[in-house]
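Heads up, the thing below is written out as structure tokens.
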Amino acid sequence: MTEDEVLQILDLVEKSNFDYLDLEIGDLKLTVSKSGVPAVPATVSVTQAAPAPAAAPAALASAAPAPAAAEPAPAAESAPAAQPVTVKEGTVAIPAPMVGTFYATPEPGAPPFVKLGDHVDAETTVGLVEVMKVFNAVSSGTTGTIDEVCVESGQFVEHGQTLFLVRPDA
């Protein structure tokens with residue numbers, strides 16, 4: 001991928017309604033975010049096996065788009081927008097510990113960690129939040145029964161967003 005192609009992609013993302021783009025072409029991976037979701041607004045990582053122009057990473061860092069000003073942007077095309085969840089009386093929220101992508105299963109095709117009606121204790125893993133290819137386990141932090149599932153697997157979540165509601169044991 002040439003420097004011009006990377007700059008064209010950055011320009012397209014900046015002008016679009018998308019907030020985040022993760023593009024992989026062969027050994028090249030390009031991650032771009034308008035809202036600063038990743039630690040670095042735009043990065044290019046290339047393994048040693050893939051030849052790349054020496055100027056591309058430096059040019060990319062200087063050409064990173066500025067955060068969009070007061071423009072609502074969807075988290076991802078296939079994921080629904082995060083809706084505020086009202087904590088019902090008698091329930092406790094399990095919040096997302098960080099910004100990232102929530103996964104309800106340990107791997108594709110596997111059964112979910114928990115589902116509606118399951119009993120959990122404080123150490124029960126209820127899901128994973130992935131941030132830049134690092135998966136972080138989310139524990140329930142309370143003992144009780146899953147009363148409501150508030151997010152879908154693969155959905156982008158914000159820090160503190162409610163993932164599940166648990167009805168604590170009496």
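The values are calculated or read from the model by the stated rules, or taken from the named source; none is laboratory data. Predicted, not measured: the structure shown is a model, and the values here were computed from it. Neighbour counts are summed over all protein chains in view; Cβ atoms, including those assigned to glycine, are modelled from backbone coordinates with ideal geometry.
Observations, loosely collected:
- The range 122-139 - residue that is hydroxyl-bearing (Ser, Thr, Tyr) and out of contact with any Asp or Glu (no Cβ under 7 Å at 6 or more places or on another chain) and, of those, nearest to PRO111 (Cα to Cα): THR125
- Those residues of the range 132-170 which are under 18 Å from VAL99 (Cβ atoms) and assigned to a loop (DSSP other than H, G, I, E, B), in sequence order: MET132, LYS133, CYS150, VAL151, GLU152, SER153, GLY154, GLN155, GLU158, HIS159, GLY160, GLN161
- Beta carbons closer than 7 Å, at least 6 apart along the sequence or on distinct chains, pair a first residue in the range 105-120 that is assigned by TED's automatic domain parsing to the domain that holds GLY141 with a second that is surrounded by fewer than 10 Cβ atoms within 10 Å (Cβ to Cβ) and part of a loop (DSSP other than H, G, I, E, B) for THR105/PRO111.
- Qualifying residue in the range 91-100 (condition: surrounded by fewer than 10 Cβ atoms within 10 Å (Cβ to Cβ), at pLDDT 50 or above and part of a loop (DSSP other than H, G, I, E, B)): no
- Test: ALA137 is surrounded by 18 or more Cβ atoms within 10 Å (Cβ to Cβ), under 30 Å from ASP22 (Cα atoms) and not assigned by TED's automatic domain parsing to the domain that holds TYR20: no
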